[in-house]
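**Q** Below is one structure. I have some questions about it.
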Amino acid sequence: MAQRVKKNLENKAHRLYHRLVQVTERSVAHAWDVVLRLKTAGTPAALALVETLLHYLPLVQQVINQTTRRVFGGEAVSATEKIVSLFEPHTAIIQRGKSRPHETEFGRKVWYCESDGGIITDYRLFAGNPPEAIQWLPSLKHQCKLFGHPPEIATADRGVYSPENEQVAKDLGVKHVVLPKPGVKSRARQHQEDQPWFKAVRRWRSGIEGRISGLRRARGLDRCLNRGETGMERWLGWGVIANNLVVVAAALTRPRRSARKCRT
């Protein structure tokens, strides 16, 4: 019974997809006809509309193609080939390993680096959904260049762990490398991660999640209101600058204990 219901739902979905694709294809054909008529008119307003249509029509055609391949052809279309937003075609499909229904998100992945004290020292806006582990070495090199020496402590979440990443950090001169190993750990590895210094750095690393939350809420980096790739880059950069200014201002205005001793 369950299989029959599932099959009926699949057939209904296919029929609806067929109707949707047919309507969209007719709309695209009409739009191309409009483009020709607007070009003939030749007025500035008409040519401006032509430019807009020429931007969106190829995107709509790509959506039709990916739908035809995926729904009707049963083809697994890669995430890099898919368009999930006509208005923001640079939007990526991000899979972060969460449980349903939040296993897939749409947006852009951002990489942040923070120094002790809360200053964001490095940030990157990724295209697609690249693995986090490959960002470790460029970030360490950036820190070394920025401060003129390697950091004494370097840490990241478990998605960055690999023996190679631990070794490159040590080779650069990092004294304490804290990359929690996911999955089953050997006795020696468990002993290393049970060290007080390792746990202390992990607790500090957990606090960075609060910083990310603050960037999203207090600095407005939860939803980009600017258009296009350059708009998102500008929005992200100003959000990081605003965060760093607030952190510096808070440090400068924080009450300090007097160095004088009380006299009685």
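Derivation of every value follows stated rules applied to the coordinates shown; laboratory data play no part. Just so it is clear, the model here is predicted, and its values are computed rather than measured. Positions of Cβ are generated from backbone atoms using ideal geometry, with glycine treated the same way; all protein chains shown enter the neighbour counts.
**Q** What is the gain in length, in nm to one decimal, between Ser78 and Ala31 on full extension, counting 0.36 nm per residue of separation less the C-alpha to C-alpha distance? Display every interim value, and only then the final one.
**A** Values: separation 47, 0.36 × 47 = 16.92 nm, distance 2.82 nm.
Computed gain between Ser78 and Ala31 is 14.1 nm.
**Q** Moving on to the next point. Scaled to the compact-protein estimate 2.2 N^0.38 Å, what is the alpha-carbon radius of gyration of segment 113-253, rounded to two decimal places? Numbers along the way, then the final one.
**A** On the way: Rg = 16.5 Å, N = 141, 2.2 N^0.38 = 14.4 Å.
That ratio works out to 1.14.
**Q** What nm distance separates the two modelled labels at Ala46 and Leu86, each placed 7 Å from Cα along Cα→Cβ?
**A** If labels sit at Ala46 and Leu86, their model points lie 2.3 nm apart.
**Q** Which loop chymotrypsin sites (Phe, Trp or Tyr not before Pro) in segment 60-163, with loop taken from DSSP, have no more than 16 other Cβ atoms within 10 angstrom of their Cβ?
**A** Numbers: sites: Phe72, Phe87, Phe106, Trp111, Tyr112, Tyr123, Phe126, Trp136, Phe147, Tyr161; in loops: Phe87, Phe126, Tyr161.
Hits after loop and neighbour filter: Phe87, Phe126.
**Q** Sequence-distant or interchain residues sharing an amide H contact under 5 Å with Thr121, placed H: which?
**A** Cys113, Glu114, Ser115
**Q** Evaluate E = 1/(1 + (r/R0)^6) for Glu229 and Trp197, where r is the Cβ-Cβ distance and R0 equals 45 Å; express this FRET efficiency to the nearest 0.05. Each step should come with its number before you reach the end.
**A** Values: r = 42 Å, r/R0 = 0.92.
For R0 = 45 Å, the calculated efficiency reads 0.60.
**Q** Given +1 on the Cβ of Lys and Arg, -1 on the Cβ of Asp and Glu, and no further charges, what dipole in debye does segment 113-253 carry about its Cα centre, rounded to the nearest 20?
**A** Result for segment 113-253 is approximately 280 debye, rounded to the nearest 20.
**Q** What residue among Ala46, Gly210, Gln3 has its Cα farthest toward the positive end of the dipole of the chain, where the charges are +1 on Lys, Arg and -1 on Asp, Glu, each on the Cβ?
**A** It is Gly210, whose Cα lies furthest towards the positive end.
**Q** Hey, got the dipole for the chain? About the Cα centre, +1 on K and R Cβ, -1 on D and E Cβ, debye to the nearest 20? Write out the running numbers ahead of the final one.
**A** Details: 44 positive and 24 negative charges, 252 e Å.
So the magnitude is around 1220 debye.
**Q** Oh, and also: Here are some values of P(r) over Cα pairs in 10 Å bins from 0, in percent: (i) 8, 32, 37, 18, 4, 0; (ii) 5, 19, 24, 20, 16, 11, 4, 1, 1, 0; (iii) 7, 29, 33, 19, 9, 2, 0, 0. Which one was computed from this structure?
**A** Label (ii) holds the value from this structure.
**Q** Could you tell me which of the pairs Lys109/Lys170; Lys145/Lys170; Lys141/Lys170; Lys109/Lys199; Lys170/Lys199 are separated by over 21 angstrom between their Cα atoms in the structure shown? Intermediate values should be presented prior to the final figure.
**A** Numbers: Lys109/Lys170 27 Å; Lys145/Lys170 16 Å; Lys141/Lys170 12 Å; Lys109/Lys199 27 Å; Lys170/Lys199 19 Å.
Listed pairs above 21 Å: Lys109/Lys170; Lys109/Lys199.
**Q** Let me spell out the model: positive unit charges on the Cβ of Lys and Arg, negative unit charges on the Cβ of Asp and Glu, origin at the Cα centre of segment 2-77. What dipole size does that give, in debye rounded to 20? Don't jump to the answer; show the numbers that get you there.
**A** Values: 11 positive and 5 negative charges, 108 e Å.
It works out to roughly 520 debye.
**Q** Residue-wise, which Karplus ³J(HN,Hα) couplings in Hz belong to segment 133-146, taking 6.51 cos²θ - 1.76 cosθ + 1.60, θ = phi - 60°, and x for glycine or proline?
**A** Karplus-based 3J(HN,Hα) across segment 133-146 equals 4, 6, 8, 4, 5, x, 5, 5, 5, 5, 4, 4, 5, 5 Hz.
**Q** Please list, or write none, the aspartates and glutamates whose alpha carbon is within less than 16 Å of the alpha carbon of Lys82, excluding same-chain residues fewer than 8 places away.
**A** Straight-line reach from Lys82, under 16 Å: Glu105.
**Q** How long is the gain from Ala13 to Ile208 if the chain were fully straight, where each residue apart is worth 0.36 nm and the alpha carbon distance is subtracted? Walk me through the intermediate numbers first.
**A** On the way: separation 195, 0.36 × 195 = 70.20 nm, distance 4.37 nm.
Stretched fully, the Ala13-Ile208 segment lengthens by 65.8 nm.
**Q** For segment 35-47, just list the computed ³J(HN,Hα) in residue order, Karplus coefficients 6.51, -1.76 and 1.60, θ = phi - 60°, integers in Hz, with x standing in for Gly and Pro.
**A** With the stated coefficients, segment 35-47 comes to 4, 4, 5, 5, 5, 5, 4, x, 6, x, 5, 5, 5 Hz.
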